[in-house]
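Below is one structure; the comments refer to it alone.
The values are calculated or read from the model by the stated rules, or taken from the named source; none is laboratory data. From a predicted model like this one, the values you see are computed outputs, not experimental measurements. Virtual Cβ from ideal backbone geometry, glycine too; neighbours counted across all protein chains shown.
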Amino acid sequence: MTVGAETTFDSYLRTFDQIDAELRRLCETVARWLTKCGLAASALTPKLRRADRRTITRACKLRDPTAQPDLILKAGAAGPGR
């Protein structure tokens, strides 16, 4: 089963702080859905679309499945662009 959250922004995110805030929000959305369904994430695939329309994806498998937003964010922070 795949669970995800994504968004398209009206303007470009230009700082890591802006990106972090949006990633946090998306991780919280996914974590709420996982918790509601009694599920846990065992792998993550962060995807980043750059201003030049290139898409960067990274995949990672979690050591311990989780539905905790902070752990999802921490694992995902090592993804695209970092």
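Some observations on this one:
- Hits in the stretch 29-52 - residues which are modelled with pLDDT of 90 or more and more than 13 Å from residue 3 (Cβ to Cβ): 52
- Test: residue in the stretch 36-54 that is β-branched (Val, Ile, Thr) and outside any loop (DSSP other than H, G, I, E, B): no
- Beta carbons closer than 9 Å, at least 6 apart along the sequence or on distinct chains, pair a first residue in the stretch 5-32 that is at negative phi and of a type in the set (Asp, Glu) with a second that is surrounded by 12 or more Cβ atoms within 10 Å (Cβ to Cβ) and in a loop (DSSP other than H, G, I, E, B) for 20/77; 22/13; 28/5.
- Leading residue by the ranking (surrounded by the fewest Cβ atoms within 10 Å (Cβ to Cβ)) among those in the stretch 8-46 that are of a type in the set (S, T, N, Q) and within 20 Å of residue 67 (Cα to Cα): 42
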